[in-house]
Amino acid sequence: MRYCRDLPADPAIRRILVLKWSAMGDVIIATALFEDIARAFPGREIHLNTLPAWRILFEQDPRFQRLLMVDLRDRRRRIRSALEWLRQVRAGRYDLVIDLQCNDRSRLLIGLLGLTGQRIPYRLGNKRQFPYNIAPATLPRPIHTITLGRAALQSGGIPATTPRPVLHIPDRHRARARELQTTYGLTPDHYAIFLPGCNANGHLKRWGAARYAALAKLLHAEGLERIVLIGGPDEVDECQRIAQACDAWLVNLCGQTAILDIPPLCQSARFIVANDTGTAHLASVTPTPMLVLCGPTDPRRVKPLGDNVRTLQADLPCINCYRKTCSHHSCMALLTPPLVLQQLRGWLDPPRDETAATVTPDQGGSTGRA
């Protein structure tokens, strides 16, 4: 097996397949790796295999000449979906597959390709095991998903240097963001964005509506003109509770934005406060300062990319428990609104470029402890 190789220098690699099927946050993190791949292989044909739910993120992305959308997570059609995946990938006749998913299913499917007579010459993954013939020797810990992906790319001679996610935002979404700013009086750099929700199954990751409302009042008293709430269907009730506790200066946009409307809105904000949620990763495609409040999840693993992103977590023995139920939720209760306000003070007054430059970048993230 060739576990190390300078793949970009090989002219025989003409068509490349990139695999990434995860939830939105992990897919958005992977867009930094997509950028590295596109830069390393100019003029080659690159196809992306992701889930149908993420078509909207990439349907106008010039880095990819084709999107393969097979729903491999539908348990009712598992065998049929696997056969369809094998059919489409066989037809692609790829010279290189870059597996950024690297789970049992992706390894099985890539291995099955060889049994069907369509063996891909170069198979890059993050572990030295079947079916990969290019992979890193070791992996550092703690393992953030970007660490895994960068190590895999570097084992194939692909420079992995893109510092934050990269999405291509169509003009219609930028226009929609401008329309919302005009409608609600959102002057660039004079509003903050809150991302107060998360998937309903991970409710312990939420800081809580009462705390977000208290922080909003403190920030408005400090002179910030507007606070904007953004969220999806699982977060409507949470955002409504925050809005009901505040006055007209708080703008509740939950349910009013498409996914790609969100980055342009975040681009013009003074700063962002978020839970550990996929929307925080979406916001991280911009250089806007962001504070992510972590409780049961490990900031070293879940922090959005970028040296403009900080995390805050209580210093407790039970942090990073990843539990779904808890009798006390102390990890979030100890992050009081005044304490969070202290973390944001440096972003309230100075120009954004200066504050972003003060955050020290590191592989696991700039992490504060309360």
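The values are calculated or read from the model by the stated rules, or taken from the named source; none is laboratory data. If you're wondering where the values come from, they're calculated on a predicted model, not measured in any experiment. Virtual Cβ from ideal backbone geometry, glycine too; neighbours counted across all protein chains shown.
Find all pairs meeting these conditions: Cβ atoms under 6 angstrom apart; at least six residues apart or on different chains; first residue within region 338-361 and at pLDDT 55 or above; second residue among the aliphatic types (A, V, I, L, M).
Leu339/Ala370; Val340/Leu215; Leu341/Leu218; Gln343/Leu291; Gln343/Leu312
Looking at Asp10, is it over 27 Å from the mean Cα position of the chain (by Cα), more than 21 Å from Thr161 (Cβ to Cβ), surrounded by 14 or more Cβ atoms within 10 Å (Cβ to Cβ) and not β-branched (Val, Ile, Thr)?
So Asp10 does not fit the description; no.
Collect the residues in region 286-316 that are closer than 25 Å to Leu204 by Cα, β-branched (Val, Ile, Thr) and in contact with a Pro (Cβ under 6 Å, 6 or more places away or on another chain), keeping them in residue-number order.
Thr311
Confirm whether Phe58 is more than 27 Å from His173 (Cβ to Cβ), among the aromatic types (Phe, Trp, Tyr) and modelled with pLDDT of 95 or more.
Details: more than 27 Å from His173 (Cβ to Cβ): no; among the aromatic types (Phe, Trp, Tyr): yes; modelled with pLDDT of 95 or more: yes.
No: the conditions fail for Phe58.
When you check Asp36 against the structure, is it in contact with a Ser or Thr (Cβ under 8 Å, 6 or more places away or on another chain), more than 24 Å from Gly114 (Cβ to Cβ) and surrounded by fewer than 19 Cβ atoms within 10 Å (Cβ to Cβ), yes or no?
Spelling it out, it is not the case that Asp36 is in contact with a Ser or Thr (Cβ under 8 Å, 6 or more places away or on another chain), more than 24 Å from Gly114 (Cβ to Cβ) and surrounded by fewer than 19 Cβ atoms within 10 Å (Cβ to Cβ).
Does region 40-48 include one or more residues that are buried (at least 16 other Cβ atoms within 10 Å of the Cβ), in contact (Cβ under 8 Å) with a residue 12 or more places away in the chain and closer than 25 Å to Thr277 by Cβ?
For region 40-48, residues buried (at least 16 other Cβ atoms within 10 Å of the Cβ), in contact (Cβ under 8 Å) with a residue 12 or more places away in the chain and closer than 25 Å to Thr277 by Cβ: present.
Yes or no, residue by residue, for (1) farther than 19 Å from Val285 by Cβ; (2) touching a Pro at 6+ places or on another chain (Cβ under 8 Å); (3) at pLDDT below 95; (4) not in a loop (DSSP other than H, G, I, E, B):
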| site | (1), (2), (3), (4) |
| --- | --- |
| Pro131 | yes, no, yes, no |
| Arg141 | yes, no, yes, no |
| Thr161 | no, no, no, no |
| Arg174 | no, yes, no, yes |
| Arg178 | no, yes, no, yes |
| Cys198 | no, no, yes, no |
| Leu204 | yes, yes, yes, yes |
| Arg211 | yes, yes, no, yes |
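Hey, could you check region 289-303 for residues that are under 15 Å from the mean Cα position of the chain (by Cα) and within 15 Å of Phe194 (Cβ to Cβ) and say which is surrounded by the fewest Cβ atoms within 10 Å (Cβ to Cβ)?
Only one residue fits best here, namely Leu291.
Counting residues that are over 25 Å from Pro170 (Cα atoms), which helices (runs of 4 or more DSSP H) fully inside region 253-357 reach at least 2?
Numbers: elements: 262-267, 278-283, 299-302, 330-333, 337-348, 352-357.
Because the criterion is at least 2 residues that are over 25 Å from Pro170 (Cα atoms), the helices (runs of 4 or more DSSP H) in region 253-357 that meet it are 299-302, 330-333, 337-348, 352-357.
Filter region 202-255 for residues that are within 25 Å of the chain's Cα centre (by Cα) and of a type in the set (Phe, Trp, Tyr) and give the result.
Trp207, Tyr212, listed by residue number.
Residue by residue through region 1-29, note down the ones that are over 17 Å from Asp95 (Cα atoms) and in a loop (DSSP other than H, G, I, E, B). Give the steps one after another, and end with the answer.
Of region 1-29, the ones over 17 Å from Asp95 (Cα atoms) are 20-29.
The answer is Lys20, Trp21, Ser22, Ala23.
Wholly within region 30-121, which helices (runs of 4 or more DSSP H) include no fewer than the required count, namely at least 3 residues that are over 19 Å from the mean Cα position of the chain (by Cα)?
In region 30-121, the matching helices (runs of 4 or more DSSP H) lie at 78-92, 104-115.
Which one of these does Ile169 not meet: (1) in a helix (DSSP H, G or I); (2) under 19 Å from Pro304 (Cβ atoms); (3) touching a residue at least 60 places away in the same chain (Cβ under 8 Å)?
Condition not satisfied by Ile169: (1).
Being surrounded by fewer than 19 Cβ atoms within 10 Å (Cβ to Cβ), charged (D, E, K, R) and under 20 Å from the mean Cα position of the chain (by Cα), is that true of even one residue in region 145-152?
No, region 145-152 has no match at all.
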